[in-house]
Amino acid sequence: LNALNEKITSHLSNTLDKLGDILTRISERADKAEAEGVVVTTVDADVVAAQAAIVSAQAAVDAQAGKDYEINVTTEDKLRIDVGAAHQQLRTDLKAAQDQVKAAREAVRKAAESLKLVISTEGSTNN
């Protein structure tokens, strides 16, 4: 169970790193658009919200990575119940961390959509 926890939390952490890189590129493009006179206040607000979501998700993933799952076998006839309880706890904990990562992904997507909307709106008004 601990190996599975490590594997999944490592994957989630890598996903958050990629989301951070994407958010950096969004922020850079927003800065470039702002330098060209485009109003990007909604994009900036969405970037800040996405950064907060990534930080929150990373904290959840780090907390999950620090958890240790031990199977406490009381008796042989309760082995299946004891293993099942530990496995279910792992699944529940991982689901909570995955939900945080999904929220961060959605926040980054929203920032990207805001940037796309601002740039496309500005492009259509300049024509």
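General observations
- When every residue of region 75-98 is checked against the conditions, none turns out to be under 16 Å from Leu23 (Cβ atoms), aliphatic (A, V, I, L, M) and open to solvent by less than 70 Å² (accessible area, probe 1.4 Å).
- Residue satisfying condition, being in contact with a helix residue (DSSP H, G or I) (Cβ under 7 Å, 6 or more places away or on another chain), charged (D, E, K, R) and outside any helix (DSSP H, G or I), within set Asp68, Asp44, Asp93: Asp68
- Of residues in region 65-92 being in contact (Cβ under 8 Å) with a residue 24 or more places away in the chain and touching an Asp or Glu at 6+ places or on another chain (Cβ under 9 Å), the one farthest from Ala103 (Cα to Cα): Ile71
- Boolean, Glu70 is within 30 Å of Ala3 (Cβ to Cβ), open to solvent by 70 Å² or more (accessible area, probe 1.4 Å) and more than 18 Å from the chain's Cα centre (by Cα): yes
- Filter result (open to solvent by 20 Å² or more (accessible area, probe 1.4 Å), under 14 Å from Leu117 (Cα atoms), touching a residue at least 40 places away in the same chain (Cβ under 8 Å) and β-branched (Val, Ile, Thr)) within region 21-64: Val39, Thr42
- Within region 19-37, the residues that satisfy the criterion of being among the acidic types (Asp, Glu) and over 14 Å from the mean Cα position of the chain (by Cα) are Glu28, Asp31, Glu34, Glu36.
The values are calculated or read from the model by the stated rules, or taken from the named source; none is laboratory data. Worth saying up front: this structure is predicted, and the values here are computed from it rather than measured. Please note: Cβ atoms are built from the backbone with ideal geometry, for glycine as well, and neighbour counts cover all protein chains shown. Ligands, DNA and RNA are stripped out before the accessible areas are found, and what is left, the full protein with its side chains, is counted by its heavy atoms. Shrake-Rupley method; radii C 1.70, N 1.55, O 1.52, S 1.80 Å.
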